[in-house]
Structure formats: structure tokens, C-alpha cells
1. List 113, 180 from most exposed to least, where exposure is judged by having the fewest other Cβ atoms within 10 Å.
2. Using 7 Å Cα-to-Cβ label points, what is the residue 242/residue 164 separation (nm, one decimal)?
3. Please check: in the Gaussian network model of the chain (C-alpha springs, under 10 Å), which one of 194, 141, 20 has the largest mean-square fluctuation.
4. If I model a spin label as a point 7 Å beyond the Cα along the Cα-Cβ vector, how far apart are those points for residue 106 and residue 206 in nm?
5. Quick one: among 191, 89, 123, which has the greatest mean-square fluctuation in a GNM of the chain with alpha-carbon springs under 10 angstrom?
6. Kindly express, to the nearest 10 degrees and within the range 0 to 90, the angle between helix 102-116's C-alpha long axis and the longest C-alpha principal axis of the chain.
7. Using only Cα atoms, tell me the angle between helix 47-58 and the longest principal axis of the chain; keep it within 0 to 90° and round to the nearest 10.
8. Based only on other Cβ atoms within 10 Å, what is the fewest-to-most ordering of 224, 178?
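Here, each number is a calculation from the coordinates, and none is a lab measurement. Quick caveat, the model's predicted, so the values are computed rather than measured. Neighbour counts run over all protein chains shown; Cβ positions are idealised from the backbone, glycine included.
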């Protein structure tokens, strides 16, 4: 039994890594498209796009994915939306997407839900029972060339009006994640941009209530989240599994 449990744990970790890799690709597709729409498709004339392309390459995003994102970025018909889902085990999932066809992505999300016994929740705002919304700013490096460190970042966070800051290490290199109240996002982002190269600033969700799943349900939810992440228009997925 111990060996079986260990194998199940390894499968869970691998599934999580695979899902995060897929979402990372989707996220850079979104960021590249956003940068193109804001400053044009030429990285020589668009510093933000140039920085994002550099980070995408460091994170081993396939060149074909990058090229398609650059082409897609010129489509000004793309719209942004989200869906709240009740997954097996009582987990509340929030998916965010960017698409040029709302009907298609909503249909694809519902199809994945039906396959795995999940349900798209009607109405909006159900997430408030288990999440809190925060402004999230990702800074990849200091503009003065100094190394990122927690003590200095904390001072910078206070000065910019952020509530907290932490160093993350789950991508190509460490980066800083600043959190703030949703209504302060634009102000805090501008303050952070004075000192750091900011890759993105957005409204995200942090779980306040988590659910613990048994082994079988955990596998079901893993597969469900993986299939959601494989939808090309999905940008981010939030879940409250412990």
C-alpha cells in the first residue's frame, strides 16, 4: 500500500506540473497578445513586448506558440471573461479566458465539465464564499540591476502601497509577487514600475477556504483541471484544493 500511495503522489505531482506548463504557455500567449495590442508587434519598438518575449524564451515556451501569439495579438476582437465551476469534491474553480468567440469557449468549458462531472455555476460572485480578490503584480527584475531580495522588496512594497510581497521560484528564475487591494491595483502597479520591470498586473483570486480530497477524487480533479488547461483560450485557473 505504501508503494501504491507513493505512486499516486508522484502521478499527482506530475499532473500538476504538466498543467502548470500548459497554463504557462497560455499565459504567455495572453501576455504577448496584450503587449502587441498596446504597443505594436515590433519588439524593437515595443519594450514591454521585448521583455515578455525574453521571459517566454527563458521559460522554454515553444517558438511556434510565440509566433502564433504574435499573429493573434493583432486581433482586436478578442474579449476577456471568466466562469465559476463546482468540481467533484466540492472544489470551486475559477477559469479566466481570452477569446474571439465567447460562445465557443463557453461551450468547450461546459463540455469539459460534463465529461468530469463538474458544473458551471449560474450567476456571478459565488467565489466570494471561498476566495478573496487581490491585485497581483509580477516584477521580474529591478531596473537598477540590483539582485532581487526580500528586505529591499518589502521596503519597495510599503512605498508603493502594496499589502505584501513574496519571492516566487516556480519559473525560469525568481520573481517578486506584490499583492494589494483590488481598487489599488493601478496605483500600486505604477509605483512598482518605477523600480522594477513589471511583466503583468491583474486581479486574481486567493483561496480563503480550502477542501481536502481523497485520493480518488484528487485524481478526478487533476484530470479535470488538466483538460481545462488544455483549452487554448484559457489564461488562468484558480482552485481551492488543499
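1. On the way: 113 21, 180 25.
Starting with the residue having the fewest Cβ neighbours, the order is 113, 180.
2. Placing both labels 7 Å along Cα→Cβ, they lie 1.9 nm apart.
3. Looking only at 194, 141, 20, the largest GNM fluctuation is found for 194.
4. 3.2
5. In the Gaussian network model the winner is 123.
6. 40
7. Taking the Cα atoms of the chain, the angle to 47-58 is about 50 degrees.
8. On the way: 224 23, 178 28.
Fewest-to-most Cβ neighbours within 10 Å comes out as 224, 178.
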